[in-house]
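Presented below is the structure to which this report refers.
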Amino acid sequence: MNQDIEARKQELLKEGYEEVYTRTKVLTDAVMHYCPGCGHGTTHRLVAEVIDEIGIQDQVVGVSPVGCSVLAYNYFDVDFQEAAHGRAPAVATAVKRLNPDTFVFTYQGDGDLAAIGTAETIHAANRGENITMIFVNNGIYGMTGGQMAPTTLVGMKSATTPYGRRVDLNGFPLRMTELLATLPGTYYVTRQSVQNPAAVRKAKAAIRKAFENQKLKKGLSFVEILSNCNSGWKMTPVQANKWMEDNMMPNYPIGDIKVDGKIAEGIDVNRLVLDHPLTVQQ
Amino acid sequence: MARELQLMKGNEAIARAMIASGTDGYFGYPITPQSEVMETLMAEKPWETTGMTVLQAESEVASINMVYGGAATGKKVATSSSSPGISLMQEGLTYLAGAEIPCLIVNVMRGGPGLGTIQPSQSDYFQSTKGGGHGDYQLYTLAPASVQEMYDFVFDAWDIAFKYRNPVLILSDGAIGQCMEKLYTRDNMPRWTEEERRKNAPWGTWGKPANRNHNIITSLELDSARQEVFNLKLQKKYDEMKEKEVRYEMLNCEDAEYIIVAYGSSSRIAMKAMQMAREKGIKVGLFRLITLFPFPTKQLAEVAAHVKGILCVEMSAGQMIEDVKLATKCGVKTEHFGRFGGIIPTPGEVLEALENKIIK
Amino acid sequence: MTEEIIIAGFGGQGVLSMGKILAYSGVMQDKEVSWMPSYGPEMRGGTANVSVIISDERISSPIINQFDTAIILNQQSLDKFEASVKPGGLLIFDPNGITHEPTRKDINIYKIAATAKAQELGISKVFNMVVLGGFLKLKPIVDKQYIHEGLEHSLPQRHWNLIPQNEEAIEIGKGLIEAVQVL
C-alpha cells in the first residue's frame, strides 16, 4: 500500500479515528482507468473482496478479456492472464484443468463474451468447466467508442446504430445468461447489478457463491452484472443508472436464474426462452 | 534409457512422444491428416499414467487458446492440427509469441488454399517462418523427415521452448504423419513436479504466493516506447536462436557439383533422386533443413560457394527458395521444383528437374 | 536388398493390415521398413493401397511410384498399377472379380485364388494372409520366425489366439500361387 496513505492512516488512528472502510488488499495500488460512474470499478472491488474473504488470494488465477477491462490484471493482486478477444473461457478451461486446486475466474464484457467469444462461452458452460465467469453487460462496446453490442436493446442508439437498433437489420438482443441457464453444464446462473448499495450487497453475495461453488466441482458458475456505460450512452452517471433501471432491467431482469443446478424458484423457463425484447426510447 | 523398437505412424509417434516427454496437457480438434494424434492420446489414457490432461476442444481457435491458458501456468502444453486448422490458430500463436509462452504446436500439412486437399503438401512454409499472424514474431520451427524425428523432436521442442520462452512448431506433412516406420521409443519421463514447474517457469500463473508479486501473462503494452523495447528483446532472442539453435543435415555435399535443398518428406524424395543421380555419375549432394526458423543461412552459403547450381524441392509453388536465395545472395543458379495440391513429386521427376533446370 | 511393394484392393480386404504385418516382420528381422498408405475418403469403401519398402539400407523416399512387386486385389487396382511394376518385376493378383487380366510380357505375373480358397475353407477373415503367403513363396524376404513376431506386434494381444490361423493361411497361400503365361 502507498506509504503516504498508510502513514496518514496511522496518524488518524492515533487521533482516535476508527477504521470503518478500507480498500481490500486483493486490489493493487494502480489507479483504475475506468470512467467515473462505470460499474467495472465496483465489480472489480466485489470480486477482490470475495477473494480476500474466502482467503484464496494465493490460489486465484484471473483471465481478463479484450475490451474496457483488458487491463484488469493491473488492478487485482492475483496471478492473471490476458486472453485474446473472446477466448477467456477456453483459456480458463485449461488453467483449471491443469491446475485443479486453483480458483479460476474470467472477467468479460458483452462484446467479448456474447459476440466474438460466443462459441467459447457456450462450450465452456456446456462442458461444465469448474470455473467462475463474470459477465459485465452494459449493452454497448465501450472501449472502441460505443458501437452496437449483441446485448444492445431494440431502439437503443449506438455508434453503429445511430437511429436505434432495428430487429430487422440487427436481430434481437442476446440474452446469453438465460441461454446458458438451459445448459446442464451450468450450476449457478444469476444476473445482478451494482447501481446502488442494496444491489451491490446482492451482487457481492452472488459473486461469493460463484467462487465458493468451485469447491463443489459441480459445474460452471456464471454471474452477469448489469452496468451502465455512461460515456457510451452519452449520459451522466446518475442519468445512466436511472436509464439502466428503466430500460435494461425490464429486458434483463435481475435475480438468480439457476441455483445449485436447478432453475430458480419463480423463473418461467418458457418466458426465458420466448419473451420478445421491449423496445426502448433513447 | 530403455529403447523399444516399434513400427508406428508419424502421427502416433507425436502422441506417444508427448506422453513420454512429460507433457502436461494436449488440446486439439480433429482434422485429417493428423487426427491420429488425439485418437492415440485418448486411447492411451495418459491421465491414468503420467497424469497428462487431454481434451477435445470445440475448435482450433479454442484449442490454441487452451494451450495459451495451460502453458501460461508454466506447464508443458501442446496442440496439433493441419493447415486449415493452423490458419485458425494464427491469432493464438501471435499472442503466445507476444506473451512469450513456451508451448508446442504440430502442423501436419495438407494442400491448400482454402479447404484444399487432405493430401500432403508443404505450402505453409511462409505461414510458419514469416509470421502467420500479425506482429514481428518467430516460431522455432522444426521439420522432421522421418517417424523417428517426429518422436525425437517433441523432446527437443520442450528444451527449446522453455530455454527461450518461445512457442515451438513442428512442421510436418501428411506423408510423414501417415507413414509407418521403425521407431525407437523411450521410457516415460515423469511430468514436472510442482517444485520443478516453479523453478522452470517462475513467470507462470498458478496462484500468487504471499512472498512474490502477482505474475501477469499478457501481450498488451499501450506505451509505444515500451512496446518497441519489448520488440527489440524478442529480436535479440531470435538472433540468439539463429546463432545457437540452427539444425541441418548434409549428405554427399563434400564433392557435390550440384545440391538439392529440401526439408521434411521432400528431402526423402530428394535423397532418392540424389542416389539416382550419383548412379548416373552426376555429383549431387543433399542439404536438408531441419530448422526452418532459424534458417541455416551461413552453413548453406558455405556449401553453395562450391557448387554450380541448387535445386530447391518443396511441395509448394516455391516458398523455401526465397530463403535459399537470400542465404546465397543469389550467387549461384537456383531453381525451384515442386508439385502441389497434394501431389508428391517422384524421385524421377526431381532428377529430371535437376538435369533440365540446373545442369543443362 | 531393397524390395518396393504396392498392395492395392478394396477397403476392407485387409490391404493395410497385410502391409503392416509384412513391415512389422521386417522390423523384427532388423530390416529398414516403411509403410505408406493412401488415406482419406477414398479408403471408406473405395480403393485402398499401401506402399511397403523393406530394405537392408536406410530408406530414402517412402513414397514411390515404381514397384518391384504389385499385389493386386481388384480390377481398379490392376488397371492403376500394372504399368507401375518395374520391368522384370512381379505382379500377383487374385482373379476374383478380375475381368481383364494383366497383359505385360516384361514382368512376372502370378495369380492366387485366395478369395475362393478362403471362402471354401471358411477362413475369409485371414484371406489377406493367404495372399501374403503367395508373395513370400516367391520372395522369401522375411523369415518365418519373424513373421510370427510381426503378427504378435501387429495384432492386439486379445487376438493372439488367431495367430496360428494366420500362419496356416500363409502356408496355404504358398501352395496356391501359380504362374500365369501371358500369350
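Per the listing B:Ile170, B:Ile160, B:Ile217, the residue uniquely buried (at least 16 other Cβ atoms within 10 Å of the Cβ), within 14 Å of chain A (Cβ to nearest Cβ) and in contact (Cβ under 8 Å) with a residue 60 or more places away in the chain is B:Ile217. In the condition set (1) away from chain B (no Cβ under 12 Å); (2) buried (at least 23 other Cβ atoms within 10 Å of the Cβ); (3) within 15 Å of the chain's Cα centre (by Cα), C:Ala118 is compliant with all but (3).
Applying a threshold of 6 Å to beta carbon distances and a minimum spacing of six or more residues, or different chains, the list of pairs starting in the stretch C:58-76 at a residue that is free of Cβ contacts under 8 Å to residues at least 24 places away in the same chain and ending at one that is part of a loop (DSSP other than H, G, I, E, B) reads C:Asn65/B:Thr346.
If the condition is being assigned to a loop (DSSP other than H, G, I, E, B), within 16 Å of the chain's Cα centre (by Cα) and in contact (Cβ under 8 Å) with a residue 60 or more places away in the chain, then the stretch B:64-120 contributes B:Ser82, B:Pro102.
Considering the conditions (1) under 24 Å from B:Lys199 (Cα atoms); (2) in contact (Cβ under 8 Å) with a residue 12 or more places away in the chain, B:Val61 is excluded by exactly one of them, (1). Which residues, taken from the stretch B:64-92, are more than 20 Å from B:Ala20 (Cα to Cα) and either within 8 Å of chain A (Cβ to nearest Cβ) or among the β-branched types (Val, Ile, Thr) (or both)? Correct list: B:Ile64, B:Asn65, B:Met66, B:Tyr68, B:Gly69, B:Ala72, B:Thr73, B:Ile86, B:Glu91, B:Gly92.
Given the criteria within 14 Å of chain A (Cβ to nearest Cβ) and more than 30 Å from B:Glu355 (Cα to Cα), does B:Asn188 qualify? Break it down stepwise before answering.
Numbers: within 14 Å of chain A (Cβ to nearest Cβ): no; more than 30 Å from B:Glu355 (Cα to Cα): yes.
Considered against the rule, which asks whether it is within 14 Å of chain A (Cβ to nearest Cβ) and more than 30 Å from B:Glu355 (Cα to Cα), B:Asn188 comes out as no.
Among the residues of the stretch B:36-48, are any under 22 Å from A:Ala124 (Cα atoms), within 14 Å of chain A (Cβ to nearest Cβ) and not in a helix (DSSP H, G or I)? No. One residue alone among C:Ile98, C:Ile92, C:Ile64 is closer than 30 Å to B:Val313 by Cα and either out of contact with any Phe, Trp or Tyr (no Cβ under 9 Å at 6 or more places or on another chain) or more than 14 Å from chain B (Cβ to nearest Cβ) (or both), and that residue is C:Ile64. For B:Ala317, the conditions (1) modelled with pLDDT of 95 or more; (2) crowded, with 22+ Cβ neighbours inside 10 Å all hold with the exception of (2).
When you scan the stretch B:258-265, do you find a residue that is more than 14 Å from chain A (Cβ to nearest Cβ), at pLDDT 95 or above, surrounded by fewer than 16 Cβ atoms within 10 Å (Cβ to Cβ) and assigned to a helix (DSSP H, G or I), even just one? Steps first, answer last, please.
At the first step, the residues of the stretch B:258-265 found to be more than 14 Å from chain A (Cβ to nearest Cβ) are B:258-265.
Those still in the list that are at pLDDT 95 or above too: B:258-265.
Remaining after also requiring surrounded by fewer than 16 Cβ atoms within 10 Å (Cβ to Cβ): none.
Within the stretch B:258-265, none of the residues are more than 14 Å from chain A (Cβ to nearest Cβ), at pLDDT 95 or above, surrounded by fewer than 16 Cβ atoms within 10 Å (Cβ to Cβ) and assigned to a helix (DSSP H, G or I).
Considering A:Ala199, A:Ala203, the condition of being closer than 26 Å to A:Asn230 by Cβ, among the aliphatic types (A, V, I, L, M) and surrounded by 23 or more Cβ atoms within 10 Å (Cβ to Cβ) is satisfied by A:Ala203 alone. Here B:Lys333, B:Lys237 are screened, and the one residue that is closer than 25 Å to B:Asp159 by Cβ, in contact with a helix residue (DSSP H, G or I) (Cβ under 8 Å, 6 or more places away or on another chain) and not hydrophobic (A, V, I, L, M, F, W, C) is B:Lys237.
Counting only residues that are on the phi > 0 side of the Ramachandran plot, at pLDDT 95 or above and either among the β-branched types (Val, Ile, Thr) or surrounded by 18 or more Cβ atoms within 10 Å (Cβ to Cβ) (or both), the stretch A:115-147 holds 1 of them. Taken across the stretch A:79-101, residues that are surrounded by fewer than 24 Cβ atoms within 10 Å (Cβ to Cβ), in contact with a Phe, Trp or Tyr (Cβ under 8 Å, 6 or more places away or on another chain) and either part of a strand (DSSP E or B) or of a type in the set (Val, Ile, Thr) (or both) do not occur at all. Residues in the stretch C:128-145 that are among the basic types (Lys, Arg) and part of a helix (DSSP H, G or I): 2 in all.
How many of the residues in the stretch B:235-251 are within 14 Å of chain C (Cβ to nearest Cβ) and crowded, with 17+ Cβ neighbours inside 10 Å?
Just the residues of the stretch B:235-251 that are within 14 Å of chain C (Cβ to nearest Cβ), to begin with: B:249, B:251.
Checking which are crowded, with 17+ Cβ neighbours inside 10 Å leaves us with B:251.
Result for the stretch B:235-251: 1.
Any chance you could count how many residues in the stretch C:85-101 are crowded, with 23+ Cβ neighbours inside 10 Å and either part of a loop (DSSP other than H, G, I, E, B) or in contact with a Gly (Cβ under 8 Å, 6 or more places away or on another chain) (or both)? Qualifying residue count for the region: 2.
Within the stretch C:1-60, the residues that satisfy the criterion of being within 11 Å of chain B (Cβ to nearest Cβ), under 10 Å from the mean Cα position of the chain (by Cα) and not β-branched (Val, Ile, Thr) are C:Leu16, C:Gly19, C:Lys20, C:Leu22, C:Ser51.
The values are calculated or read from the model by the stated rules, or taken from the named source; none is laboratory data. As the structure is a computational prediction, the values presented were derived from the model and not from experiment. For neighbour counting, all protein chains shown are included, and Cβ atoms are generated from backbone atoms with ideal geometry for every residue, glycine included.
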